[in-house]
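Notes to accompany the following structure.
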Amino acid sequence: KQKRPRIIKTETPVIRDVAFYQDVVNGLTSEPKQLQSKYFYDKEGDRLFQQIMNCSEYYPFQCELEIFSQQTEMLANVIAKAGATADLIELGAGDCTKTRYLLAELVKMDTDFTYLPIDISENIIDFLNAQLPLDIPGLKVNGITGDYLQMLGRAADHSDNKKVVLFLGSNIGNMSPGEAAEFCMNLRQHLKPGDLVIIGVDLKKKPATILAAYNDKAGITKEFNLNLLRRINRELGANFEITQFEHYPVYDPDTGGCKSYLISLKKQQVMIPCVDGSTWINFEENEPMFMEISQKYSIKEIEELGRNAQFRPVANFFDNKGWFMDTVWEA
Ligand code: AVI
């Protein structure tokens, strides 16, 4: 008599985001191991990032807020100067705390423009589409959900209007210098002569100040990194033992690279289940897992980045300490 096949019930969750699964498995099976920091931002990651922005050591947010809240008129003048109808496209808009100052000023100046925020979070975009016109009467908003690099083309083709692209918060720092160069060239290709970009850049400064921003005493940045392991457990059914990994940020003043790692505290195995067989990841004791780069630049390096992508420098705005810069380039 033929044996009936045994059906093994597994606890494997249905993988909703195949790209997330593939990126995680690819990253953890490559040498050296790495994860992509864009996956930090699930609901819990968003909450932790809000806390990071409010913590005393994390200066970039306060510095850029100072620029946008105290030099609003000058920033708005750069945009309004050409007088043409504009599309103000913001890549990775978030809750647009800083941009609100600029938007209100442009409306006050009677500038004819539409604000097109792009963000990966649908919640954020729904909120901005509904709330911003109430907060800033007269503002035209047309938010788009999606990966900002993919959505940029859609936003750029939205109309023949003059384009002003905002890429704030030192988000460019989360790309390697090579990726940032490629990104700027890509950006340039979507724009026409006369269009503008405004990029928020965290500048090279006292190394200890930079390192402290990524190693806050309250341990929020540590939790922010560990949350990605928790997310992999939650969404992919993996079994990371969170207490067996240690947050380890380093800053290299030579290259300006501030990098975060999670270090395996022991020799261990982690399982990532999949319907057609699990993947086992082996960690050696003290093996690093690369989590994030937060690249810091000098003013000269940023000028070069713009020039190499065929942009012309227009203006630089700094906070009082000179720690952060919003640079304006013209295509
Ligand atoms: C979003 N990004 C610019 C932040 C940064 O500074 O690299 C993310 C972050 N990572 C740790 N703290 C903040």
Fill in: Filtered residues of the stretch 90-115 (kept if touching a helix residue (DSSP H, G or I) at 6+ places or on another chain (Cβ under 6 Å) and among the aliphatic types (A, V, I, L, M))
Leu91, Leu102, Leu106, Met109
Practice prompt. Can you run down the residue pairs with Cβ atoms below 9 Å, 6 or more apart or on separate chains, where the first is in the stretch 126-148 and free of Cβ contacts under 8 Å to residues at least 12 places away in the same chain and the partner is open to solvent by 70 Å² or more (accessible area, probe 1.4 Å)?
Written response: Pro133/Lys140
Discussion item. Whether any residue in the stretch 204-212 is of a type outside the set (S, T, N, Q), within 13 Å of the ligand (Cβ to nearest atom) and surrounded by fewer than 17 Cβ atoms within 10 Å (Cβ to Cβ) is what I want to check.
Written reply: yes
Discussion item. Given (1) in contact with a strand residue (DSSP E or B) (Cβ under 9 Å, 6 or more places away or on another chain); (2) surrounded by fewer than 14 Cβ atoms within 10 Å (Cβ to Cβ), identify the lone condition not met by Phe240.
Written reply: (2)
Worksheet item: Quick check: is even one residue across the stretch 171-193 in a strand (DSSP E or B), surrounded by 16 or more Cβ atoms within 10 Å (Cβ to Cβ), on the phi < 0 side of the Ramachandran plot and away from the ligand (no atom under 16 Å from the Cβ)?
Response: no
Worksheet item: Just wondering, is there one or more residues in the stretch 92-104 that are surrounded by 16 or more Cβ atoms within 10 Å (Cβ to Cβ), part of a helix (DSSP H, G or I) and of a type in the set (Ser, Thr, Tyr)?
Response: yes
Fill in: The one condition in (1) within 20 Å of Leu228 (Cα to Cα); (2) in contact (Cβ under 8 Å) with a residue 60 or more places away in the chain that Pro60 fails to fulfil
(1)
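Test Asn174 against the stated conditions and say whether it is of a type outside the set (Val, Ile, Thr) and in contact with an Asp or Glu (Cβ under 7 Å, 6 or more places away or on another chain).
The answer is yes for Asn174.
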Worksheet item: Filter the stretch 135-156 for residues that are assigned to a helix (DSSP H, G or I) and closer than 17 Å to Asn123 by Cα; which is least open to solvent (accessible area, probe 1.4 Å)?
Response: Met151
Worksheet item: From the residues in the stretch 79-88 that are of a type in the set (A, V, I, L, M) and touching a residue at least 60 places away in the same chain (Cβ under 8 Å), which one is most open to solvent (accessible area, probe 1.4 Å)?
Response: Ala82
Fill in: Residues (within 15 Å of the ligand (Cβ to nearest atom) and of a type in the set (S, T, N, Q)) located in the stretch 213-235
Asn215, Thr221, Asn225, Asn227
Discussion item. Just to be sure I understand, how many residues within the stretch 39-52 are assigned to a helix (DSSP H, G or I) and in contact (Cβ under 8 Å) with a residue 40 or more places away in the chain?
Written reply: 9
Worksheet item: List pairs: first in the stretch 245-268 and within 21 Å of Glu301 (Cβ to Cβ), second open to solvent by 30 Å² or more (accessible area, probe 1.4 Å) and away from the ligand (no atom under 16 Å from the Cβ), Cβ under 8 Å, 6+ apart or cross-chain?
Response: Gly256/Ser298; Gly256/Glu301
Practice prompt. Mind listing whichever residues of the stretch 49-78 are more than 16 Å from the ligand (Cβ to nearest atom) and open to solvent by less than 10 Å² (accessible area, probe 1.4 Å)?
Written response: Leu75, Ala76
Practice prompt. Could you tell me which numbered condition Gly256 fails, if it satisfies all but one of (1) open to solvent by less than 30 Å² (accessible area, probe 1.4 Å); (2) within 16 Å of the ligand (Cβ to nearest atom); (3) at negative phi; (4) not basic (Lys, Arg)?
Written response: (3)
Worksheet item: Which pairs have Cβ atoms under 8 Å, sit 6 or more apart or on different chains, and link a residue in the stretch 10-34 that is part of a helix (DSSP H, G or I) to one that is modelled with pLDDT of 95 or more and hydroxyl-bearing (Ser, Thr, Tyr)?
Response: none
Discussion item. Within 14 Å of the ligand (Cβ to nearest atom) and either surrounded by 20 or more Cβ atoms within 10 Å (Cβ to Cβ) or within 21 Å of Leu149 (Cβ to Cβ) (or both): is that true of Ser37 in this structure?
Written reply: yes
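The values are calculated or read from the model by the stated rules, or taken from the named source; none is laboratory data. Model, not experiment: these values are computed from the prediction. Don't worry about glycine lacking a Cβ; one is built from the backbone with ideal geometry, like all the others, and counts go over all protein chains shown. To get the accessible areas, we keep the full protein, side chains included, count just its heavy atoms, and leave off ligands, DNA and RNA. Shrake-Rupley method; radii C 1.70, N 1.55, O 1.52, S 1.80 Å.
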